[in-house]
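First comes the structure, then the notes that go with it.
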Amino acid sequence: MSFFLSCDWGTSSFRLRLVDTENLKVAAEEKSAAGIARTYARWQEQNPNPEDTTQRINFYRQIIREAIHKLEQRLTILLAGVPVIISGMASSSIGMQVLPYQELPFPVNGSGLRTKYFSANPSFPHDTLLISGIKSDDDVMRGEETQLIGCINETEEVAANGLYIFPGTHSKHIQVKAGQVVSFKTYMTGEFFDLLAHQSILSASVAAGEGPENIPPAAFRQGVKEAGQENLLHAAFRVRTNELFQKLPKRENYTYLSGLIIGTELKDLLTTPYPGIYLFGGSNLQEYYEMALQELGLSERVHTFPGAWADEAVVRGQYKIFNQFKANA
């Protein structure tokens, strides 16, 4: 049995998974809030010369090494020699080492993606492959391209033509034609919602619930509907008046705001005739997006995939990229 270590390193999160190469099943994982932004801040604080490339790489490797050690302790095995594949923000200007973006058009089999290989050494006994991102004339992504590579061609339902939606803090809508990414858009959906719900005047008018299973559907659908009819800057203030005039309790107001923001992201789909729309919502956002698409009358045009399947797309994408790298090395 052979393994690789899948590292999905986002701006605010760190996730390391031990993956069986035979079936791409995750044997164990380690998660933390040691995202790239926090790691870079620590690097700057602790190093008098933060631009020292070698020391910087070693500093970031140590974060990975600590997570590997936790996996070793939990599984009572040694993982020295197991390769590490890293995607996400680790190749950004605040990451381990900056790698240039790959420009569009970009083949969805991952063959054109830029990578950087680091050989194992005594202090970090793991060959490492760092994966870059892609860019258009006015947009960038790091991480979602690996998810996309892991999603396309994995089932007969997913064709290499259409619009691929990856919800998140910065949601991505990626347009693919004839097996190539030709354009994409970033929507600051999650971040914008967080700012309004927690750092604006609206924060006193909302209260979070415990998860998607507790969504008050009427309030959420109302928000989605009004997103398609109203100016967002005006509609957002209605969250405050809903509470002031006792039209909605705080929990329902929270989901009204969520519907308003998600609906604003998705309403562009009403005017663009894509050959197919594919939603990879992940376990946390799937139900919200499915409900919003239904309210907008788009359900029949959209293929949705299970949250767990979408969550594992990074692993599949990384392994495809790794195999291509080995074949061309």
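About the centre of its Cα atoms, the chain shows a dipole size close to 460 debye [charges on the beta carbon of Lys, Arg (+1) and Asp, Glu (-1) only; nearest 20 debye]. Helical runs assigned H by DSSP (4 residues or longer) give the chain a calculated mean residue ellipticity at 222 nm of -12500 deg cm²/dmol, each run adding -39500 (n - 2.57) before division by the residue total.
The trypsin sites (Lys or Arg not before Pro) found in the stretch 59-125 that occupy coil by DSSP, while having at most 15 further C-beta atoms within 10 Å, are Arg114.
Counting 0.36 nm for each residue step from Arg42 to Arg240 and taking away their Cα separation leaves a gain of 67.5 nm. Ordering Lys31, Lys135, Lys320 by the number of other Cβ atoms within 10 Å of each residue's own Cβ, fewest first, gives Lys31, Lys135, Lys320. For the chain, DSSP calls about 70 percent of its internal beta bridges antiparallel. Distance between the pseudo-spin-label points of Thr272 and Leu232 (7 Å out from Cα toward the beta carbon): 1.4 nm.
Test of understanding: express the Cα radius of gyration of the chain as a ratio to 2.2 N^0.38 Å, with N the residue count.
Values: Rg = 21.0 Å, N = 329, 2.2 N^0.38 = 19.9 Å.
Compactness ratio reported: 1.06.
Between Leu298 and Val98, what FRET efficiency comes out of the Förster formula 1/(1 + (r/R0)^6) with R0 = 25 Å and r the beta carbon distance, rounded to 0.05?
On the way: r = 38 Å, r/R0 = 1.53.
Working from the Cβ atoms, E equals 0.05.
State the Cα centre-to-centre distance between the stretch 100-176 and the stretch 227-267 in whole Å. Using only Cα atoms, the two centres lie 34 Å from each other. Exposed loop positions in the chain were taken to be GluC sites (Glu not before Pro) whose DSSP state is not H, G, I, E or B and which have at most 11 other beta-carbon atoms within 10 angstrom. Between these positions, the longest stretch is 211-329. The order of His173, His69, going from fewest to most other C-beta atoms within 10 Å of their C-beta, is His69, His173. Each residue in Tyr289, Tyr117 was given a count of other beta-carbon atoms within 10 angstrom of its own, and listing them fewest first yields Tyr117, Tyr289. Scalar couplings 3J(HN,Hα) for the stretch 133-138, obtained by applying the Karplus form with A = 6.51, B = -1.76, C = 1.60 to θ = phi - 60°, are x, 10, 9, 10, 5, 9 Hz; x denotes Gly and Pro.
Think of the stretch 172-279 as having a plus end and a minus end, set by charges on the Cβ of Lys, Arg, Asp and Glu; of Gln222, Tyr254, Val206, Gln222 sits farthest toward the positive end of this dipole.
Report the FRET efficiency, 1/(1 + (r/R0)^6), for Thr76 and Asp139, where r is their Cβ-Cβ distance and R0 is 41 Å, rounded to 0.05. It comes to 0.35.
Rounded to the nearest whole Hz, the Karplus-based 3J(HN,Hα) values (6.51 cos²θ - 1.76 cosθ + 1.60, θ = phi - 60°) of the stretch 23-31 follow the sequence 10, 6, 8, 7, 7, 6, 8, 10, 10, with x at glycine and proline.
For the stretch 49-204, the Kirkwood hydrodynamic radius from C-alpha pairs, put into Stokes-Einstein at 20 °C and a viscosity of 1.002 mPa s, yields a diffusion coefficient of 120 µm² per second.
Pop the C-beta distance of Gln62 and Thr169 into the FRET formula with R0 = 22 Å and round what comes out to the nearest 0.05.
0.30
First check a/c for the stretch 1-141, with a ≥ b ≥ c the square roots of the eigenvalues of its C-alpha gyration tensor; if it is under 1.5, answer rounded, and if not, answer prolate when a/b is larger than b/c or oblate otherwise. Kindly include the intermediate steps, with their values, before the conclusion.
Numbers: a/c = 1.79, a/b = 1.16, b/c = 1.54.
Oblate shape, in that a/c is at least 1.5 and b/c is the bigger or equal ratio.
Rg and Dmax of the stretch 189-304, based on Cα coordinates, read 13.8, 44 Å.
Computed from the coordinates by the stated procedures, all read-outs in this text should not be read as laboratory data. Bear in mind that the values here come from a model prediction, so they are computed numbers and not experimental data. When we count neighbours, we look across all protein chains shown, and the Cβ atoms used for this are built from the backbone with ideal geometry, even at glycine.
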